[in-house]
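So the structure is just underneath, and the comments pick up after that.
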Amino acid sequence: MATVKYDESTRIYPGNDAPSVDRLNIDIADGEFLVLVGPSGSGKSTALRMLAGLEEVNGGKIWIGDRDVTNLSPKDRDVAMVFQNYALYPHMSVADNMGFALKIAGVDKGEIRKRVEEAAKILDLEPYLERKPKALSGGQRQRVAMGRAIVRSPQVFLMDEPLSNLDAKLRVQTRTQIASLQRRLGVTTVYVTHDQVEAMTMGDRIAVLKDGILQQVATPREMYDSP
Ligand code: ADP
Ligand code: ADP
């Protein structure tokens, strides 16, 4: 079961006095889409990277299911992250980009092909599997980045401002696609954005951060109803 628990989780960067994430407590349900929202510098990326294992935790713990993952390396956590800049390999085809992590993990070729094909179908990328990333639109590249995460069937899916490189129209379209994809896959998801509308339209619940401190966790409905 892929619940996630931030348990007094704290991050103080070396040389800083104030914590960037200060005793964060959030319980995320299995299959939930949780959005971390807040202004620039509020600690959203840090909180996400702590869950990914990319940032050291200086206090408290982080749990995935009943496992304390606080000190586990990223590859031992069963999480997959989609970054803002997608970080696709330019010299590899779409299919090879999507299969690369599995190849590194030693998954056999037939199984990789199968998972890449399934992900391509879900993401409407089937016609583009043999193309290089530069021959794709921004929205297509964004879906390849998602595909690369999906093929690993992670327990937890992490996204850090995945729409920030898209124009306004495509952003609206893509946020709907991501939300419906997440619901179809039922994978526990933590999604970072500074955009309140994005947060309200996509999240099952929204966690608001300010200066590293959690202000509120609520459903969009509850947020809408409260002043
Ligand atoms: P957000 O994602 O909400 O913009 P961040 O998590 O990136 O916020 O940053 C939170 C705070 O931590 C900010 O004050 C930022 O300056 C600080 N910070 C982020 N990364 C580092 C770092 N590598 N070293 C020192 N301070 C950092
Ligand atoms: P390699 O290039 O490593 O010898 P492949 O040609 O089988 O092996 O492709 C590399 C990886 O990308 C494989 O793991 C493969 O499953 C996946 N892949 C390549 N082309 C496709 C495709 N058209 N459809 C689905 N998966 C593909």
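Being in contact with a strand residue (DSSP E or B) (Cβ under 8 Å, 6 or more places away or on another chain), surrounded by fewer than 16 Cβ atoms within 10 Å (Cβ to Cβ), in contact (Cβ under 8 Å) with a residue 60 or more places away in the chain and not in a strand (DSSP E or B) is the requirement here; does Pro39 meet it?
Working: in contact with a strand residue (DSSP E or B) (Cβ under 8 Å, 6 or more places away or on another chain): yes; surrounded by fewer than 16 Cβ atoms within 10 Å (Cβ to Cβ): yes; in contact (Cβ under 8 Å) with a residue 60 or more places away in the chain: yes; not in a strand (DSSP E or B): yes.
Yes: the conditions hold for Pro39.
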Residue satisfying condition, being away from ligand 1 (no atom under 16 Å from the Cβ) and crowded, with 21+ Cβ neighbours inside 10 Å, within set Asn71, Asn97: Asn97
Given the structure, is Tyr128 away from ligand 1 (no atom under 16 Å from the Cβ), farther than 27 Å from Val4 by Cβ, among the hydroxyl-bearing types (Ser, Thr, Tyr) and buried (at least 19 other Cβ atoms within 10 Å of the Cβ)? yes
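Considering only the stretch 100-115, state which residues are surrounded by 15 or more Cβ atoms within 10 Å (Cβ to Cβ) and in a helix (DSSP H, G or I).
Once the filter is applied, which keeps residues that are surrounded by 15 or more Cβ atoms within 10 Å (Cβ to Cβ) and in a helix (DSSP H, G or I), the stretch 100-115 yields Phe100, Ala101, Leu102, Ile112, Arg115.
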Mind checking which strands (runs of 3 or more DSSP E) fall wholly inside the stretch 120-227 and carry at least 2 residues that are out of contact with any helix residue (DSSP H, G or I) (no Cβ under 8 Å at 6 or more places or on another chain)? 205-210, 213-218
For the stretch 206-222, check the following and say yes or no: at least one residue is open to solvent by less than 60 Å² (accessible area, probe 1.4 Å), modelled with pLDDT under 95 and of a type in the set (A, V, I, L, M, F, W, C). no
Output yes when any residue across the stretch 78-89 is within 16 Å of ligand 1 (Cβ to nearest atom), out of contact with any helix residue (DSSP H, G or I) (no Cβ under 8 Å at 6 or more places or on another chain), more than 17 Å from Arg141 (Cβ to Cβ) and not in a helix (DSSP H, G or I), and no when none is. no
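Is it the case that Ser45 is open to solvent by 20 Å² or more (accessible area, probe 1.4 Å), touching a strand residue (DSSP E or B) at 6+ places or on another chain (Cβ under 7 Å) and either modelled with pLDDT of 95 or more or in a loop (DSSP other than H, G, I, E, B) (or both)?
Details: open to solvent by 20 Å² or more (accessible area, probe 1.4 Å): yes; touching a strand residue (DSSP E or B) at 6+ places or on another chain (Cβ under 7 Å): yes; either modelled with pLDDT of 95 or more or in a loop (DSSP other than H, G, I, E, B) (or both): yes.
For Ser45, the condition - open to solvent by 20 Å² or more (accessible area, probe 1.4 Å), touching a strand residue (DSSP E or B) at 6+ places or on another chain (Cβ under 7 Å) and either modelled with pLDDT of 95 or more or in a loop (DSSP other than H, G, I, E, B) (or both) - is met.
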Say we look at the stretch 2-29 and pick out the residues that are farther than 14 Å from Ser42 by Cβ and acidic (Asp, Glu); which of these is farthest from ligand 1 (Cβ to nearest atom)? Asp27
Exception for Lys210 within (1) charged (D, E, K, R); (2) in contact with a Gly (Cβ under 6 Å, 6 or more places away or on another chain); (3) under 20 Å from Gly31 (Cα atoms) falls at (3)
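The values are calculated or read from the model by the stated rules, or taken from the named source; none is laboratory data. None of the values given here were measured: they were computed from a predicted structure. Ideal geometry is used to build each Cβ from the backbone, glycine not excepted, and the neighbour counts take in all protein chains shown. Only protein heavy atoms, including side chains, enter the accessible area calculation; ligands, DNA and RNA are left aside. Shrake-Rupley method; radii C 1.70, N 1.55, O 1.52, S 1.80 Å.
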